[in-house]
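Below is one structure, written out as structure tokens; comments come after it.
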Amino acid sequence: MPVSLLYALEVILNGLMAGIMYSLVALGFVLIFKASGIFNYAQGVMALFAAMSLVGFQNGQIPFAEVINVIFNSDVHNFGWTMPSFMAIALTVLLMIGFAFLVERVILRRLVNQEPIILFMATIGLAYFMEGVGDMMWGSDIKNLDVGIPSGGSRWLEDATIGFAAAGEDFYGMYIDVLDVWAAVVAVLLVASLTLFSQYTKTGRALRAVADDHQAALSVGISLRSIWVITWAIAGIVALVAGIMWGSKSGVQFSLSLIALKALPVLMLGGFTSIPGAIVGGLIIGVGEKLFEFYMGPLIGGATENWFAYVLALLFLVFRPQGLFGDKIIERV
Amino acid sequence: MFYREAGDFKTSYSDDAQTFPIKFDRLRYYVVLAIAFGVIPLLINDYWEKSILVPFLIFTIAALGLNILTGYCGLVSLGTGGFMAVGAYSSYKLMTSFPDLNMFFVVILSGFITAAVGAAFGLPSLRIKGFYLAVATLAAQFFLVWLFNKVPWFYNYSATGQISAPERTVFGYAVTGPAAPPQATYLFCLVFVFLLAWLARNLTRGRIGRQWMAIRDMDIAAEIIGVNPLKAKLTAFAVSSFFIGIAGSLFFAVYLGAAEPTEAFGITQSFVVLFMIIIGGLGSIFGSFVGAAFMIGMPVLLKNVLTGTLGWPTALATHVELTVVGALIIIFLIMEPHGLAQLWRFAKEKLRLWPFPY
């Protein structure tokens with residue numbers, strides 16, 4: 001095989017992996033949008049918050065240590081223990097469920113029947129709030145997240161692919177981060193379990209009913225409020241998974257919350273209401289932006305990943321305003 | 001008693017159609033103008049100019065612009081930061097290419113350039129609606145910032161990639177550059193705020209503003225009664241970008257002095273301006289002023305209280321500030337989704353009946 005083709009293949013593979021990572025975030029958006037019609041901007045910050053809490057629990061940090069120190073003039077930082085990963089994850093899951101309760105109690109319940117734009121703004125406010133609280137709780141320094149997922153380049157793939165190129169060519173095998181492969185596996189498991197959950201459990205059916213038609217669901221006796229709590233809790237857990245993956249990849253820091261912005265074009269491509277759409281959209285965006293950067297980046301100055309996804313989604317929407325798999329938009333006077 | 005129409009007789013149609021039909025409102029308007037133009041320049045110092053008054057005036061212009069687009073025409077935009085960058089860079093290019101051009105015209109021209117860019121990015125709004133459009137405007141935000149980072153022509157091939165404003169004068173007083181006196185920069189911005197607020201108020205009262213509002217309330221119905229959606233949406237984008245471009249130009253040239261696109265015109269800026277119009281009130285000129293005052297004043301106040309009075313570390317104060325801003329936005333949306341302007345409207349209704357409850 002010619003080297004240029006091999007490089008292109010490598011770029012495509014890496015793009016697919018990156019796409020999966022985007023899909024992980026987009027998934028949380030879709031869940032909440034389907035169940036409550038809310039466009040949850042805070043999804044990215046939820047991922048950041050979950051990852052921060054996970055690290056905090058693991059290292060036995062005292063929550064709000066900074067605030068306590070300032071107010072009481074004390075100097076406390078750690079409980080002095082380290083928690084095993086599975087316990088920390090369980091605690092974080094509990095925290096995210098508690099958070100879902102709080103969101104329903106304080107925000108959703110009072111904003112029922114408002115226009116979608118108002119709800120969207122409320123989630124932006126929520127994003128700011130959570131970011132501030134997260135920083136106060138766990139500190140704003142960059143943290144290392146390690147829950148035992150292997151990372152680094154895959155030796156096996158490198159050895160397997162190095163023979164593809166003719167001897168003497170400038171090619172040393174393909175590079176793929178093992179972490180990304182794990183992320184792909186986790187994403188597949190997550191989607192599979194979500195699908196099973198929504199197809200075969202009573203709660204899952206109720207979730208789908210609400211997504212289909214709020215009023216009809218209410219009239220057959222489904223409690224909208226508990227459904228909202230459940231969706232936000234699930235979205236919180238999805239955020240935790242995304243937070244773990246992104247956090248292990250690039251450290252837990254503020255920029256993690258910006259992946260929410262990256263998930264938006266994914267959603268636009270796939271349609272806001274479709275779970276397969278989120279996955280396919282993520283893959284298209286991932287491959288598209290990596291290929292564009294690979295071929296066009298050097299010509300026009302690089303760092304095209306910043307905007308390519310948005311422009312792609314924009315052009316796509318002009319021709320198909322509801323996205324790939326979204327429900328057709330019908331408007332009447 | 002003092003706030004009502006009774007006894008204020010209108011004898012001509014133009015009297016009847018005036019902006020402030022109530023005498024008290026008219027008086028208040030002139031008093032505010034007199035204070036803004038006559039009293040504040042006498043009292044202003046560097047601190048008030050740099051940290052409160054000038055940013056307040058500049059962001060009022062930006063909020064007015066976004067309010068025209070989002071509040072009056074119903075098109076949500078998250079590209080404000082990008083359009084401000086267009087204003088800033090076009091004023092930089094104009095200032096350096098035509099050193100003799102009066103600063104006033106530089107700002108106006110950058111507004112027109114931004115209007116053209118904004119109209120171009122507004123084209124997809126004909127097909128894309130709601131959230132999809134909000135996300136589509138992010139394309140403008142990220143693309144424009146990237147463009148100003150990567151194309152050296154925009155920053156005149158300077159080594160740092162920054163742009164910095166050379167000194168320019170109006171009537172012999174420097175309004176840009178480090179030596180500009182606070183009175184000059186304040187008045188320069190105030191003149192723009194005054195003119196643009198007047199323009200916005202009258203645009204939204206007239207034919208074109210009504211077209212925007214018809215599109216906002218229901219675009220299909222508006223189309224059927226004869227509003228041309230292409231024209232209405234594109235003019236909304238153009239006028240809004242004109243305002244935002246002027247704000248960006250003043251923000252860079254008068255306020256910052258030197259700027260770098262990722263920091264000064266990032267996505268945060270877009271959100272801040274959006275918060276201003278939400279908190280102030282969508283579709284209200286007065287709301288743009290209050291929203292800008294709130295979003296500029298509150299962080300300054302919090303910072304002074306937390307780090308100044310209580311002596312907290314700055315990093316922690318920033319986190320508290322984020323939390324408070326977020327919580328306030330949620331509280332405002334729950335208590336009064338139509339913003340502070342709605343409270344003002346209630347107050348006016350009450351005042352009219354006062355001292356009777358009904």
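The values are calculated or read from the model by the stated rules, or taken from the named source; none is laboratory data. In this text, all values refer to a predicted model and were calculated from it rather than measured experimentally. Note that we place each Cβ from the backbone using ideal geometry, even for glycine, and neighbour counts take in every protein chain shown.
Selection of segment B:318-358 for residues being within 14 Å of another protein chain (Cβ to nearest Cβ) and touching a residue at least 12 places away in the same chain (Cβ under 8 Å) yields B:Val320, B:Glu321, B:Val324, B:Val325, B:Leu328, B:Ile329, B:Phe332, B:Leu333, B:His338, B:Gly339, B:Gln342. A search for C-beta distances below 9 Å between a residue of segment A:60-84 that is within 17 Å of A:Asp146 (Cβ to Cβ) and any residue that is among the acidic types (Asp, Glu) and part of a loop (DSSP other than H, G, I, E, B), counting only pairs 6+ apart in sequence or on different chains, returns nothing. Taking segment B:149-164 as the range and being assigned to a loop (DSSP other than H, G, I, E, B) and touching a strand residue (DSSP E or B) at 6+ places or on another chain (Cβ under 7 Å) as the test, only B:Gln162 passes. Within segment A:308-333, if we keep just the residues that are part of a loop (DSSP other than H, G, I, E, B) and among the aliphatic types (A, V, I, L, M), the residue that is nearest to the other protein chains (Cβ to nearest Cβ) turns out to be A:Val333. Residues that are more than 17 Å from the chain's Cα centre (by Cα) and in a helix (DSSP H, G or I) within segment A:82-96 comprise A:Ser85, A:Phe86, A:Met87, A:Ala88, A:Ala90, A:Leu91, A:Leu94, A:Leu95, listed in sequence order. Listed by position, the helices (runs of 4 or more DSSP H) inside segment B:1-83 whose residues that are farther than 30 Å from B:Phe148 by Cα number at least 1 are B:13-16, B:23-34, B:40-43.
Identify, from the list B:Ala258, B:Ala238, B:Ala315, the residue that is more than 29 Å from B:Trp344 (Cα to Cα), surrounded by fewer than 24 Cβ atoms within 10 Å (Cβ to Cβ), more than 14 Å from chain A (Cβ to nearest Cβ) and modelled with pLDDT under 90.
Answer to the check: B:Ala258.
A single member of B:Gly118, B:Gly177 is of a type outside the set (Ser, Thr, Tyr), in contact (Cβ under 8 Å) with a residue 12 or more places away in the chain, surrounded by 23 or more Cβ atoms within 10 Å (Cβ to Cβ) and more than 9 Å from chain A (Cβ to nearest Cβ), and it is B:Gly118.
In a loop (DSSP other than H, G, I, E, B), buried (at least 16 other Cβ atoms within 10 Å of the Cβ) and under 16 Å from the mean Cα position of the chain (by Cα): does that describe A:Phe29? So A:Phe29 fails the test.
Scanning segment A:247-275 for residues that are more than 14 Å from every other protein chain (Cβ to nearest Cβ) and surrounded by 23 or more Cβ atoms within 10 Å (Cβ to Cβ), we see that the one that is farthest from A:Gly152 (Cα to Cα) is A:Leu256.
Scoring A:Ala183 on the criteria (1) exposed (fewer than 14 other Cβ atoms within 10 Å of the Cβ); (2) under 29 Å from A:Gly247 (Cα atoms); (3) at pLDDT 75 or above leaves a single failure, condition (1). Within segment B:209-231, which residues are assigned to a helix (DSSP H, G or I) and surrounded by 16 or more Cβ atoms within 10 Å (Cβ to Cβ)? Selection gives B:Gly209, B:Gln211, B:Trp212, B:Met213, B:Ala214, B:Ile215, B:Arg216, B:Asp219, B:Ala222, B:Glu223, B:Pro229.
For segment B:123-133, the set of residues classified as closer than 15 Å to A:Leu312 by Cα, facing another protein chain (nearest Cβ under 8 Å) and assigned to a helix (DSSP H, G or I) consists of B:Pro124, B:Tyr132, listed by residue number.
For (1) closer than 17 Å to A:Gly236 by Cβ; (2) crowded, with 17+ Cβ neighbours inside 10 Å, each residue gets a yes or a no:
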position	(1), (2)
A:Asn59	no, yes
A:Val67	no, no
A:Ile71	no, no
A:His77	no, no
A:Met83	no, yes
A:Phe86	no, no
A:Leu91	yes, no
A:Met96	yes, yes
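Restricting to segment A:100-145, name every residue that is within 8 Å of chain B (Cβ to nearest Cβ), assigned to a helix (DSSP H, G or I) and either touching a His at 6+ places or on another chain (Cβ under 7 Å) or of a type in the set (Gly, Ala, Ser) (or both). Passing the criteria: A:Ala122, A:Gly125, A:Ala127, A:Gly132, A:Asp135, A:Met136. Against the test of being surrounded by fewer than 20 Cβ atoms within 10 Å (Cβ to Cβ), more than 12 Å from chain A (Cβ to nearest Cβ) and in contact (Cβ under 8 Å) with a residue 40 or more places away in the chain, the options B:Gly297, B:Gly308, B:Gly281 yield a single qualifying residue, B:Gly297. When A:Leu299 is tested against the conditions (1) within 12 Å of another protein chain (Cβ to nearest Cβ); (2) outside any loop (DSSP other than H, G, I, E, B); (3) surrounded by 23 or more Cβ atoms within 10 Å (Cβ to Cβ), the lone failure is (3).
Every residue, every condition in (1) modelled with pLDDT under 90; (2) surrounded by 12 or more Cβ atoms within 10 Å (Cβ to Cβ); (3) under 23 Å from B:Val273 (Cα atoms), yes or no:
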{"position": "B:Asp8", "(1), (2), (3)": "yes, yes, no"}
{"position": "B:Thr11", "(1), (2), (3)": "yes, no, no"}
{"position": "B:Leu57", "(1), (2), (3)": "no, yes, yes"}
{"position": "B:Thr60", "(1), (2), (3)": "no, yes, yes"}
{"position": "B:Asn67", "(1), (2), (3)": "no, yes, yes"}
{"position": "B:Gly81", "(1), (2), (3)": "no, yes, yes"}
